[in-house]
Structure formats: C-alpha cells, structure tokens
Amino acid sequence: MLFRSRLAADATFWLGESYFQRRRYREAAEQFLKISRDFPKAGKGPDSLLKLGMSLNGLGARDQACATFAKVGVDYPAASNAVRQGVERERQRARCA
C-alpha cells in the first residue's frame, strides 16, 4: 500500500505539473491540493504545496497563494533549498506582504 501511495502521489504531481505548464491553473491546483490532502508525507509534498500556491496566483487568488507559500515552511520545515528559494521567488512575484 505504501508503494502504491508513493506512485499515486508522484503521478498526481506530474498530472498537476502538466496542467500548470498548459496554464490550466484550476485543474493544476486541484491536483496539487489532492497531494496535500491525500499524501501529506509524500516526497513531492513540499513541491506540490509550492505549485499549489503558484497555481492559485495564476488564478488571481493572490491572498490564498501567499497563505499557501507561508504554509510550505510550516508544514515542511525540512524542505529542500530549491523549494525554499522557489517559495521566496514566488512570494516576490505575487507581491506577498
């Protein structure tokens, strides 16, 4: 079951990424949110939360995007430097306070 969960989380992330790359932000957000909800301990968890924030910003939901970016550090304090740098870059892009 754990193996299936990891594969399901990875597949969900890449599906969300494919939507994001095509600027289908609503569908992307749904996939990234699914990872946070259904697979919170997945390896792609921090990345999916970052991408959820980016998708929300793409939808024009800046306040929700900023809240999501802040949640990355809270939910994943050991997130990689790449994710942390991505959060900072996207917070600036979204003009978060």
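Return the sequence-ordered ³J(HN,Hα) values of the stretch 23-39 in whole Hz as given by the Karplus equation 6.51 cos²θ - 1.76 cosθ + 1.60 applied to θ = phi - 60°, using x for Gly and Pro.
Result, ordered by residue: 6, 9, 5, 5, 5, 4, 4, 4, 5, 5, 5, 4, 5, 4, 7, 9, 9 Hz.
Rounded if a/c is under 1.5, else prolate if a/b is larger than b/c, else oblate: which is the stretch 54-97, with a ≥ b ≥ c the root eigenvalues of its Cα gyration tensor?
Prolate, since a/c reaches 1.5 and a/b exceeds b/c.
Considering only protein heavy atoms and a probe of 1.4 Å, how much of the accessible area of the chain is carbon and sulfur, as a whole percent?
Numbers: 3230 of 6080 Å².
That share works out to 53 percent.
Can you match log10 I(q)/I(0) by the Debye sum over Cα atoms at q = 0.15, 0.16, 0.17, 0.19 Å⁻¹ to one of these, (1) -0.69, -0.75, -0.80, -0.90; (2) -0.51, -0.58, -0.66, -0.82; (3) -0.62, -0.68, -0.74, -0.87, based on a calculation from the structure here?
It is the one labelled (2).
For the chain, what is the accessible area per residue in Å² when the probe is 1.4 Å? Could the numbers behind the result be given before it?
On the way: 6080 Å² over 97 residues.
So the chain comes to 63 Å² accessible per residue, rounded to a whole number.
Mind listing the phi-derived Karplus ³J(HN,Hα) values for the stretch 10-18, rounded to whole Hz, using 6.51, -1.76 and 1.60 with θ = phi - 60°, and x for any glycine or proline?
Couplings: 5, 5, 5, 4, 5, 5, x, 4, 5 Hz.
Read phi for every residue in the stretch 44-60 and hand back ³J(HN,Hα) as whole Hz from Karplus 6.51 cos²θ - 1.76 cosθ + 1.60, θ = phi - 60°, with x for Gly and Pro.
Taking θ as phi minus 60°, the curve returns 8, x, x, 5, 5, 5, 4, 5, 4, x, 5, 5, 4, 5, x, 7, x Hz for the stretch 44-60.
Per the helix-only calculation at 222 nm, which mean residue ellipticity applies to the chain, given -39500 (n - 2.57) for every DSSP H run of n ≥ 4 and division by its residues, nearest 500 deg cm²/dmol? Kindly include the intermediate steps, with their values, before the conclusion.
Working: 5 runs with 76 residues, N = 97.
Helices in the chain give a 222 nm mean residue ellipticity of -25500 deg cm²/dmol.
The values are calculated or read from the model by the stated rules, or taken from the named source; none is laboratory data. Please read these numbers as outputs of a predicted model, since none were measured by experiment. The area values use the complete protein model at the heavy-atom level, side chains included, leaving out ligands, DNA and RNA. Shrake-Rupley method; radii C 1.70, N 1.55, O 1.52, S 1.80 Å.
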